[in-house]
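**Student:** First the structure, which I've put down as structure tokens, then a few questions once you've had a look.
The values are calculated or read from the model by the stated rules, or taken from the named source; none is laboratory data. It should be emphasised that the depicted structure is a prediction, and the values quoted were computed from it without experimental measurement. No Cβ is skipped: glycine too gets one built from the backbone with ideal geometry, and neighbour counts run over all protein chains shown. These area figures cover heavy atoms from the full protein model, side chains too; ligands, DNA and RNA do not enter into them. Shrake-Rupley method; radii C 1.70, N 1.55, O 1.52, S 1.80 Å.
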Amino acid sequence: MRRPGAALAALAALATLACNPDDVVHRIGWFATMRHQRSIKPYARPIPPVPGTVPMTGAEPLMSLQTADRLANPRTRTSESINHGRFLYETYCLVCHGPTGHGDGPISSAAGGPFFGVRSLVNDTIARRTDGYIYAVIVSGQVMGRGLMPVYGDKVRGADRWDLVNYVRTLQAGAKSPTGRR
Ligand code: HEC
């Protein structure tokens with residue numbers, strides 16, 4: 001009973017080894033393989049930067065509810081910024097927050113869609129928030145205590161985020177004005 005078992009185990013071991021010749025062939029010294037070369041292996045730590053090197057594109061600051069409020073909006077609310085913000089809003093945000101920011105986009109439960117918990121961007125509470133707060137929720141709702149909102153920091157970058165903030169302000173002004181939509 002034991003011998004067929006052992007034979008089977010040996011066969012299984014052989015089959016595993018035979019699966020990928022690349023995994024075994026380099027173990028035999030006289031095979032020249034490309035595996036042995038001076039290069040960074042997949043997932044290996046790349047060469048660390050020279051001490052004192054500064055990133056040219058800037059690094060992402062770690063944000064929190066406290067630090068977000070201190071961020072200064074570097075983008076003036078020009079029509080160029082607002083128009084670009086509108087384009088980004090319609091690309092990324094409208095599906096949930098709706099065309100006027102009331103939280104009634106097509107996939108929001110407010111419009112019969114599957115996404116629950118979408119907040120209005122145009123009520124008084126959010127209108128009183130700082131630009132930095134809105135910016136930081138775009139980067140990561142999770143960090144800002146708005147965990148139901150997906151992360152957009154990896155999709156919208158740099159000044160584009162501030163253009164979005166500027167467009168959200170425009171929506172808020174529109175919601176307040178008596179001639180504004182709704
Ligand atoms: C998939 C749906 C969805 C999309 C797309 C989306 N949001 Fe949200 N957003 C939410 C939800 C849900 C919340 C409420 C999160 C919570 O309370 O945990 C929220 C909250 C917010 C808040 C905070 C509101 C408050 O009262 O504090 C802001 C600001 C915001 N979103 C802006 C945006 C912007 C700008 C975009 C486009 C980049 C966007 N959202 C895209 C679902 C979405």
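**Student:** Does His36 meet the test of being within 16 Å of the ligand (Cβ to nearest atom) and either exposed (fewer than 14 other Cβ atoms within 10 Å of the Cβ) or not acidic (Asp, Glu) (or both)?
**Tutor:** no
**Student:** Does Thr170 satisfy the condition of being loosely packed, with under 13 Cβ neighbours inside 10 Å and either away from the ligand (no atom under 11 Å from the Cβ) or not basic (Lys, Arg) (or both)?
**Tutor:** Against the criterion (loosely packed, with under 13 Cβ neighbours inside 10 Å and either away from the ligand (no atom under 11 Å from the Cβ) or not basic (Lys, Arg) (or both)), Thr170 does not qualify.
**Student:** When the residues of the stretch 121-144 are narrowed to those that are more than 7 Å from the ligand (Cβ to nearest atom) and not in a helix (DSSP H, G or I), which ends up surrounded by the fewest Cβ atoms within 10 Å (Cβ to Cβ)?
**Tutor:** Here the answer is Arg128.
**Student:** Where the second residue is assigned to a helix (DSSP H, G or I) and the first is among the β-branched types (Val, Ile, Thr) and lies in the stretch 158-176, which pairs have Cβ atoms under 7 Å and are six or more apart or on separate chains?
**Tutor:** Final answer for the pair search is Val165/Asp131; Val165/Ile134; Val165/Tyr135; Val168/Ile134; Thr170/Ile82.
**Student:** Something else now. How many residues, within the stretch 39-67, are open to solvent by less than 90 Å² (accessible area, probe 1.4 Å) and at pLDDT 75 or above?
**Tutor:** 10
**Student:** When you look at Gly105, is it modelled with pLDDT of 95 or more and in a loop (DSSP other than H, G, I, E, B), yes or no?
**Tutor:** yes
**Student:** Consider Gly147 against the criteria (1) open to solvent by less than 50 Å² (accessible area, probe 1.4 Å); (2) at pLDDT 95 or above; (3) part of a loop (DSSP other than H, G, I, E, B): it satisfies all of them except one. Which criterion is unmet?
**Tutor:** Failed condition: (2).
**Student:** Restricting the stretch 99-109 to residues that are crowded, with 16+ Cβ neighbours inside 10 Å and more than 10 Å from the ligand (Cβ to nearest atom), which is farthest from Leu164 (Cα to Cα)?
**Tutor:** Once the filter is applied, the top-ranked residue is Asp104.
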